[in-house]
Amino acid sequence: MMSGGVSGGAENRQASRFSLRIAVLGGAALVLFAVIFLRLWYLEVLSGDEYLAEAQDNQVREFTVQAPRGEILDADGKPLVTNRTALALQIRTDELPVGRERQAQLLRRTAELIETPVERIRKEIRLQTLEAPASPVTLERDVPYKLVYYLSEHQRDYPGVTIDRIYVRRYPQGTLAAHALGYVREINEEQLAEPQWKGIESGDFIGQDGLEYSYDSVLRGVNGATRVQVDADGLPTGKALSTREPEAGNDLITSLDVDVQRAAEEAMEARGLPGAFAAINVNTGGVVALGSYPTYDPAVFSKPIVTESTYERLTAEDQGNPLFNRAIKGGYPTGSTFKPITALAALDSGNVTTTEVIGDSTGFFSVGTQRFYNAGQAVLGSQSLQGALQVSSDVFFYNLGFRTNSQEPDGGALQEWARQLSLGSQTGIDLPNEEPGRIPDPKWRNELYADGLTDREWTVGDNINLSVGQGDLAADPLQMAVAYATIGNGSDVMRPHLGLRVEDPSGRTVQEITPEPRRTVEIEDDWRQTIMAGLEAAAMSPGGTSYGCFGNFPIPIAGKTGTAERYGYEDQSWYVALAPAENPEIAVAVTMEEGGFGADSAAPATKQILAEYFELERVDPGCGVETGRIE
């Protein structure tokens, strides 16, 4: 009996363990089923739409349709920058076949197709993806239609190789006004991170310099897009699913005059010296002509890649640094063209009157043991302000520099008037990267001395040198044109501008560009009349420093020569003019590096600019010498 009881208990325990196992397994199966059910419910019900959209996206691809930029035109509507369409052979690196060998085979086939070394294709891919990793790599531009037809028929053999219609900047006037116009390039990675370019995508083109940069938001259109269904290889399977048409950019009408600009550039090129010019409307600040020599061809930057050797050539000092815009960045001493500014400072501070006569019997002005000589050590006799401007008496203006000297940190009346007339600061022109130049004052020099960068502190000699545009003064042609324009209109310091108005693609004006003057200055009528009379006599009367150039000019000119000493270089040639003298419309400033006397180089170029502006014919482009002395 005992053995039977023991045996029955063992069987019961085994049955209990078996039931427990069944229960555990059943529970685990139930939990697993619940997990699977919940996951399927999540995928099918909660996330079904999302995954459906992703699946559809894998079948649909969106292609950007480039928008044409707006055109840039001169004041008469003559085109300066336009667009042309081009068929470009491109490789989309994100669509290349997977696997190194398959990619190598594709590149070899492509190289044979366009008859170019495969290494050249690899090099283009490396260079262009370095600049813009997400953008197509352009291999050829303006490809023939037979290539277009062939690729369309054999597209499956060339995955990732496409032909796209693109817009390329075109320059109908060649290199004319290159520095003012600027150029367009694809946005780079650094720019993509800048707030200014928010909303711009990799592969988009933006203005990189000049007006293209300043008015990029005006000129740049809105890209369109085309959505197409593709197969497993990413190739279109049919018609476009949807299309958003691109919106062309607006056109920019400028104040430039193509004919005046060309006359100025030809005058600079004829002399062959580095230099610059600026011509502005005295009453509006509209820039009629602006340029720098040597210049460059902006079409260079329309190419898919600009080589390092090209950049080196365009910035090489021994080539004249063609990319450098001397009109708004070239800081030079101005020589005697600065004298009207000195006159205003001395008149305003009470250090001279319009009729005071200052004697000159020696040809020099003395301060202690130091002597400051007239040009050529000429003795010009006693002069009042008008006569001193006519013959460009340095001694007269040395006196004014001595009288207006100040040890105050910012200097005295001379520095103040120079700054008021836009020297030593940006003029505010609608171009990027304008340099302010420099008006030397005690603070500037004394800080240099404290830092061990010069051998002395500020002295009265610095102010004397500044009074005739010498010493540490640094100014450019645009600043001098603005200063003279202020004298010409009598009060308004204009903000020079190239933009005139904006038109939409239909030709409707959407914006007028009329900036207000930066400030007004008080120039008394008798001051202005005396200065203008002196400048007119300098150009139109015997004995004037540019009479040999403008004595017979049909339009009365008020102009001033400048011959500036520049350390390490031959003399800098300057000329600044207002015309017509009795009621000025235009201010012109020209400078040439190592051009010698103002009447030798800068004055003849100014003459050509004014002759074209006033549409004069049969004007002798040269400048004779009326007297034995040229300032």
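Below is a table of values for the structure above.
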{"item": "In region 202-215, residue surrounded by the fewest Cβ atoms within 10 Å (Cβ to Cβ) [restricted to those that are outside any loop (DSSP other than H, G, I, E, B) and touching a residue at least 60 places away in the same chain (Cβ under 8 Å)]", "result": "Tyr213"}
{"item": "Any chance Gly534 is buried (at least 21 other Cβ atoms within 10 Å of the Cβ) and under 19 Å from Leu421 (Cβ atoms)", "result": "yes"}
{"item": "Exclusive hit being more than 26 Å from the chain's Cα centre (by Cα), at negative phi, buried (at least 24 other Cβ atoms within 10 Å of the Cβ) and assigned by TED's automatic domain parsing to the domain that holds Gly286, set Ala587, Ala605, Ala599, Ala581", "result": "Ala599"}
{"item": "Unique match (being farther than 19 Å from Gly543 by Cβ and modelled with pLDDT of 95 or more) among Val357, Val352", "result": "Val352"}
{"item": "Yes/no for Gly543 being assigned by TED's automatic domain parsing to the domain that holds Ala345, touching a Ser or Thr at 6+ places or on another chain (Cβ under 8 Å) and on the phi > 0 side of the Ramachandran plot", "result": "yes"}
{"item": "Residue match in region 510-526 (condition: within 18 Å of Thr591 (Cβ to Cβ) and either at pLDDT below 95 or out of contact with any Pro (no Cβ under 8 Å at 6 or more places or on another chain) (or both))", "result": "no"}
{"item": "Residue check, Tyr213 within 27 Å of Asp504 (Cβ to Cβ) and of a type in the set (Phe, Trp, Tyr)", "result": "yes"}
{"item": "Selected residue (criterion: nearest to the chain's Cα centre (by Cα)) from residues of region 363-388 that are in a helix (DSSP H, G or I) and of a type in the set (A, V, I, L, M)", "result": "Ala375"}
{"item": "Selection from region 550-586 of residues that are in a strand (DSSP E or B), over 11 Å from Leu535 (Cβ atoms) and among the hydrophobic types (A, V, I, L, M, F, W, C)", "result": "Ala564, Trp574, Ile586"}
{"item": "Answer residue from region 402-424, given it is surrounded by fewer than 16 Cβ atoms within 10 Å (Cβ to Cβ) and touching a Lys or Arg at 6+ places or on another chain (Cβ under 8 Å) and is farthest from Gln470 (Cα to Cα) among those", "result": "Pro409"}
{"item": "Leading residue by the ranking (nearest to Asn465 (Cα to Cα)) among those in region 352-377 that are in contact with a Lys or Arg (Cβ under 8 Å, 6 or more places away or on another chain) and surrounded by fewer than 19 Cβ atoms within 10 Å (Cβ to Cβ)", "result": "Phe364"}
{"item": "Any pair with Cβ under 8 angstrom, 6 or more apart, that starts in region 436-455 at a residue that is under 21 Å from Leu421 (Cβ atoms) and touching a residue at least 12 places away in the same chain (Cβ under 8 Å) and ends at one that is basic (Lys, Arg) and in a helix (DSSP H, G or I)", "result": "Ile439/Arg419"}
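Let's see how each residue does on (1) touching a strand residue (DSSP E or B) at 6+ places or on another chain (Cβ under 6 Å); (2) crowded, with 19+ Cβ neighbours inside 10 Å:
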position	(1), (2)
Arg165	yes, no
Val184	yes, yes
Glu194	no, no
Ala225	yes, no
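The values are calculated or read from the model by the stated rules, or taken from the named source; none is laboratory data. For clarity, every value in this text was computed on a predicted model and none was experimentally measured. Glycine gets a Cβ as well: all are built from the backbone with ideal geometry, and neighbour counts include every protein chain shown.
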